[in-house]
Every structure is written in C-alpha cells, then in structure tokens.
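Heads up: the structure comes next, in structure tokens.
The values are calculated or read from the model by the stated rules, or taken from the named source; none is laboratory data. No experiment lies behind these values; they were computed from the predicted model shown. Don't worry about glycine lacking a Cβ; one is built from the backbone with ideal geometry, like all the others, and counts go over all protein chains shown.
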Amino acid sequence: MATTFVEIANRAITFLGGEPITNLNDDTKEGRACFRLYEQTRDFVLRDHPWNFAIFRAELAANTTAPVYEFTNAYDFPDGCLRILEVNTLEEWKVEGRQIVTDEGAPLQIVYIKQITDPNQFDTKFIEAYAMRLAADIAYDITASQTVVANAENKYAVLIKEARLIDAQESLVEDEQDWLDARV
C-alpha cells in the first residue's frame, strides 16, 4: 500500500475539519502543526503497540564497559530501537537508559520495536491509528476544542484495541500452542 506522510496528515486534518495540505512544509496552521509533530507522533504510535511490521530481532555484542554494580554486562540498543519487547535469557535483565543490563553473556538475543520511517512499510491499521493520534495531537491547534481532542483520543484508543486483536490473530503465543498440543 503506497502512502505518504502528507496522505496520513490529511487523514488527520480531514477528521478535524481542517484544510488539506499539499506538503509538510505548507505555511498554514495545519501544515505547521503536522510538520511539528508527525515524527514524534509516528514514534509514539510505534512504541504504543507491538506492530507486527515493526518487530525485529537482533543479537547484541556486550558493551566494553560493564555496569558499575549488580550486573556484569551491558548491551547497547540497536540503531532505531524504540522499545525492547523480549530478551532471550533466563537471567534477570533491565532496561537502563539506552542499554540492557544483565548477567547474560554475549551475544544477547532480543526482540524489539524498530523505528520505521518509510510509510510504504506501514500496516493499514497503523496508518489509521497514526492518523488519529496525529489528529489528537494537532486538534487543539486546528480547532481550539478540547471536545475534538477528546474524541480523537478516544478513537485512537479504539484503533489500538482493534490492532491488538488483529495482531493476536496473526501469531500463535506459547500458551495457545500448549493448549493445542494438549488437544492432540
């Protein structure tokens, strides 16, 4: 599905009853509001839900500087990492700053949400949620109405809930596999 940030912004603007833009640099209140917030909002929505299209795996090398105390190893986040979802270890681990600290030796296997900047890689549900979150973020700038802000935030919450249900159908979690195995 080919799409652009301008198309996503215009979905948000249309929901708010504003004037569509032709590019993110439009010198209009809609253009200025979208330009100011589109990247921040994109990353917020990516981080807010483990979107299947943004989930990646990596093996990390240990940092040459160990934590000062408690843990023996530190691992830097991979480039573009917005959120750690899983760390493949039985050892205790924590996120501190932009590192994972643990006693697990290298390489450390992780699953994470990656910052996706190409809108052509976005899932259709993500596009809808992104447009609605952007609408909520720019609503007061465009409409000066707290009611419109609240309506956009509520619609965003519904879209995230729908995305969770759909994503859950696209993968089989371990508990479901145990249940299926027991039925055989």
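Mind checking which residues of segment 135-146 are surrounded by fewer than 20 Cβ atoms within 10 Å (Cβ to Cβ), part of a helix (DSSP H, G or I) and either of a type outside the set (Ser, Thr, Tyr) or assigned by TED's automatic domain parsing to the domain that holds ASP76 (or both)?
Of everything in segment 135-146, those that are surrounded by fewer than 20 Cβ atoms within 10 Å (Cβ to Cβ), part of a helix (DSSP H, G or I) and either of a type outside the set (Ser, Thr, Tyr) or assigned by TED's automatic domain parsing to the domain that holds ASP76 (or both) turn out to be ASP141, GLN146.
Applying the selection to segment 102-146, what residues are aliphatic (A, V, I, L, M) and farther than 22 Å from LEU60 by Cα? Please lay out each step first, then the result.
Applying the first criterion (aliphatic (A, V, I, L, M)) to segment 102-146 yields 106, 108, 110-111, 113, 116, 127, 129, 131-132, 134-136, 138-139, 142, 144.
Result: ILE127, ALA129, ALA131, MET132, LEU134, ALA135, ALA136, ILE138, ALA139, ILE142, ALA144.
Could you count how many residues in segment 1-45 are under 29 Å from ILE84 (Cα atoms) and either hydroxyl-bearing (Ser, Thr, Tyr) or in contact with a His (Cβ under 6 Å, 6 or more places away or on another chain) (or both)?
Of the residues in segment 1-45, 4 are under 29 Å from ILE84 (Cα atoms) and either hydroxyl-bearing (Ser, Thr, Tyr) or in contact with a His (Cβ under 6 Å, 6 or more places away or on another chain) (or both).
Being surrounded by 19 or more Cβ atoms within 10 Å (Cβ to Cβ), at pLDDT 95 or above and either in a strand (DSSP E or B) or not assigned by TED's automatic domain parsing to the domain that holds LEU134 (or both): is that true of TYR75 here? Break it down into steps so the answer makes sense when it comes.
Working: surrounded by 19 or more Cβ atoms within 10 Å (Cβ to Cβ): yes; at pLDDT 95 or above: yes; either in a strand (DSSP E or B) or not assigned by TED's automatic domain parsing to the domain that holds LEU134 (or both): yes.
Against the criterion (surrounded by 19 or more Cβ atoms within 10 Å (Cβ to Cβ), at pLDDT 95 or above and either in a strand (DSSP E or B) or not assigned by TED's automatic domain parsing to the domain that holds LEU134 (or both)), TYR75 qualifies.
Would you say THR65 is of a type in the set (Val, Ile, Thr), outside any strand (DSSP E or B) and at pLDDT 95 or above?
Against the criterion (of a type in the set (Val, Ile, Thr), outside any strand (DSSP E or B) and at pLDDT 95 or above), THR65 does not qualify.
Could you tell me whether segment 46-61 includes any residue that is over 15 Å from the mean Cα position of the chain (by Cα), modelled with pLDDT of 95 or more and not in a strand (DSSP E or B)?
yes
To keep it simple, each residue is scored yes or no on (1) small (Gly, Ala, Ser); (2) at pLDDT 95 or above; (3) assigned to a loop (DSSP other than H, G, I, E, B).
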residue	(1), (2), (3)
VAL111	no, yes, no
ILE116	no, yes, yes
ARG133	no, yes, no
VAL148	no, yes, no
LYS155	no, yes, no
ARG164	no, no, no
ALA168	yes, no, no
SER171	yes, no, yes
ALA182	yes, no, no
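Checking THR41 against (1) out of contact with any helix residue (DSSP H, G or I) (no Cβ under 7 Å at 6 or more places or on another chain); (2) surrounded by 15 or more Cβ atoms within 10 Å (Cβ to Cβ); (3) of a type in the set (S, T, N, Q), which test does it fail?
Result: THR41 passes all but (1).
Scan segment 54-83 and report the pairs whose first residue is touching a residue at least 24 places away in the same chain (Cβ under 8 Å) and whose second residue is among the basic types (Lys, Arg), with Cβ atoms within less than 6 Å and a gap of 6+ or a chain change.
ALA54/LYS114; PHE56/LYS114; PHE77/ARG98; GLY80/LYS114; LEU82/ARG47; ARG83/ARG47
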